[in-house]
Amino acid sequence: MLDEVAGWLRRRSWTAAHRPLGQLLAAKRAAGPRGTVSVVLPALDEEATVGAIVTEIRRELMSEAVPLVDELVVLDSGSTDRTAAVAAEAGATVVHRDAILPRLPAVPGKGEVLWRSLLATRGEIVCFVDADLREFDARFVSGIVGPLLTDGNVQLVKAMYDRPLETGGTVDPGGGGRVTELVARPLLNLHWPQLAGFVQPLGGEYAARRSLLERLPFPVGYGVELGILIDALNTVGLDALAQVDVGVRHHRHQDGQALGRMAATIYRTAQTRLARGHLVRPVLTQFERTAEGFAPRVHEVTTEERPPMISIPEYVRRRQVA
């Protein structure tokens, strides 16, 4: 298995610099409709960062000189701040989660928004980017879209990057990604060792062919990245997966209890894939100090998933019309 992972790393790991923009634009023109690119930013109360990300993508990748991205959609999952207004002012198409597939009531969660985004976009290549990134560089998009435009065998590409932990005025260059190191990486190495070569398996920046995404179930919560990666491996095989180094990722960090809930969801996502016939709906108990002492706070750990989009009649009709 180690040799297989090492071979995959040599064949399917690149940097963004491996594919200059000129090469990508030529490949996009040659691909025709198969080269259309949609970028999706799932957003919940991200007014501080979403505008700069939209501005960078439009300036660097949606100009007349560099028309790499055809569609830029911000999927608002219920923001109470000015996220939607800021994104629209910067030039994105803003769609509210609840306006997509209204017959099916939405549930909270990042995966829910990503799943619904397939009904709100048209590109044959779909690129997801988290909306809380700071100092955003357009290479986060062009880097991971590149292999899909230039290699017909690649189906999904994850971004890899340095992820510093920035807290209290100090910076730990390798301290970010705590849930990745403590939960996701051990799970993958133990149960899906073929995926051990992914540097950022939980990263929110990845691109894939619509023809793959529409066949996958989407965990509705934070387990979506792990679920998609595992299910993509089972659907198209390791050599159809790749990763691209895009530099450094700066973003907002979660507190310890939020990380605990995220870790529980990710563990449960893995568990359902190990034993789909034994699903339960567990809870996670955490503690907060109050005037009376430590008080328990109980959170459901969601295991709900949305089915492959290709099974949704509204999506099938939309694709037939397109």
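No value in this document is a laboratory result; all are computed from the given coordinates. The structure presented is a predicted model; accordingly, all values stated were derived computationally and were not measured. Because the Cβ atoms are built from the backbone with ideal geometry, glycine has one as well, and the counts that use them run over all protein chains shown.
Could you tell me which residue of segment 218-228 is surrounded by the fewest Cβ atoms within 10 Å (Cβ to Cβ), considering only residues that are assigned to a helix (DSSP H, G or I) and in contact with a helix residue (DSSP H, G or I) (Cβ under 6 Å, 6 or more places away or on another chain)?
Our first condition is that a residue be assigned to a helix (DSSP H, G or I); within segment 218-228, this holds for 224-228.
After this cut, where a residue has to be in contact with a helix residue (DSSP H, G or I) (Cβ under 6 Å, 6 or more places away or on another chain) as well, the list is 224, 226-227.
Working: 224: 29, 226: 26, 227: 23.
Among those residues, the one meeting the criterion is 227.
When each of 81, 76 is tested for being surrounded by 18 or more Cβ atoms within 10 Å (Cβ to Cβ) and among the charged types (D, E, K, R), the lone residue that passes is 76.
Meeting the requirement of 3 or more residues that are in contact with a Gly (Cβ under 7 Å, 6 or more places away or on another chain), the strands (runs of 3 or more DSSP E) wholly within segment 122-168 are 156-162.
Within segment 88-101, can one find any residue that is touching a residue at least 40 places away in the same chain (Cβ under 8 Å), over 30 Å from residue 152 (Cα atoms) and not in a helix (DSSP H, G or I)? Show your work before the answer.
First, pick out the residues of segment 88-101 that are touching a residue at least 40 places away in the same chain (Cβ under 8 Å): 90, 92, 101.
Still in the running and over 30 Å from residue 152 (Cα atoms): 90, 101.
Next, from what is left, pick out any that are not in a helix (DSSP H, G or I): 101.
Yes, segment 88-101 contains a residue that is touching a residue at least 40 places away in the same chain (Cβ under 8 Å), over 30 Å from residue 152 (Cα atoms) and not in a helix (DSSP H, G or I).
Each residue in segment 23-69 was checked for being in a strand (DSSP E or B) and touching a residue at least 40 places away in the same chain (Cβ under 8 Å), and 8 pass.
Checking every residue in segment 70-82 against the condition of being closer than 18 Å to residue 305 by Cβ and outside any strand (DSSP E or B) gives at least one match. For residue 208, the conditions (1) aliphatic (A, V, I, L, M); (2) surrounded by fewer than 22 Cβ atoms within 10 Å (Cβ to Cβ); (3) under 25 Å from residue 123 (Cβ atoms) all hold with the exception of (2).
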